[in-house]
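Novice: I have a structure I would like to understand better, so I am pasting it below and will then ask my questions one at a time.
A short reminder: the numbers here are calculations on the coordinates, not readings from a lab. This one's a predicted model, so the numbers in the text were calculated from it and none came from an experiment. Glycine gets a Cβ as well: all are built from the backbone with ideal geometry, and neighbour counts include every protein chain shown.
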Amino acid sequence: MVRQARRLVADLPNAHVFRNNGRDLSVVRPSWWSRFGFGPRLQLDFAFSFMVFQHIPSREIIESYVRDAHRLLRPGALFKFQVQGSTRAEPDAQDSWVGVHFTEADARAMAERCGFEMRYHFGAGEQYYWLWFFKK
């Protein structure tokens, strides 16, 4: 996937593809920022994840990504992403097609633990449960 992504963005000088560890966003760190001329502290206005977290069968890993998104965003910035909202299928650590499901209460609690305010959500109880987390 990384090789294919790099091929697809080869003509886009401001697009960069990195292989990460699958547990957090540690690949996005100050040494990376300076290589691309961002200066000592990168802060983003917006982060977006589509069709990723709904396939992760671990709350701890999803929350690790959410904490790292918080680290990278400036105050007031938005992290919009989706999680699994459906309770119809149980997650399986051996098969990541179905991720751990979140209720509205689960999502709000994770937002608070990670320093976000959950202002909007859509699709609770369904496969595509969208969350809008704003950094406090």
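Novice: Quick one: net charge of Tyr65's neighbours, Cβ under 14 Å, K/R +1, D/E -1?
Specialist: Details: positive: Arg23, Arg59, Arg67, Arg71, Lys80, Arg113; negative: Asp24, Glu60, Glu63, Asp68.
Summing Lys/Arg as +1 and Asp/Glu as -1 gives +2.
Novice: Relative contact order (percent) for segment 43-136, with alpha-carbon contacts under 8 angstrom and 6 or more residues of separation?
Specialist: Working: 202 pairs, mean separation 31.8, N = 94.
Reported as a whole number, the value is 34 percent.
Novice: Same structure again: Could you order the peptides 72-84, 48-60 from most to least packed, using the average number of other C-beta atoms within 10 Å per residue?
Specialist: Details: 72-84: 18.2, 48-60: 15.3.
Packing proxy ranking, top to bottom: 72-84, 48-60.
Novice: I'm spelling it out carefully: the read-out is P(r) over Cα pairs in 5 Å bins from 0, in percent, the candidates are [x] 2, 9, 14, 15, 12, 10, 12, 11, 8, 5, 2, 0; [y] 2, 9, 17, 23, 16, 12, 9, 6, 4, 1, 0; [z] 2, 10, 17, 21, 19, 15, 10, 5, 1, 0, and one was derived from this structure. Which label?
Specialist: Calculated P(r) over Cα pairs in 5 Å bins from 0, in percent: the matching label is [z].
Novice: Helix-only estimate, please: 222 nm mean residue ellipticity of the chain, summing -39500 (n - 2.57) across DSSP H runs of length 4 or more and dividing by its residues, to the nearest 500.
Specialist: Working: 4 runs with 37 residues, N = 136.
Per the formula, -8000 deg cm²/dmol.
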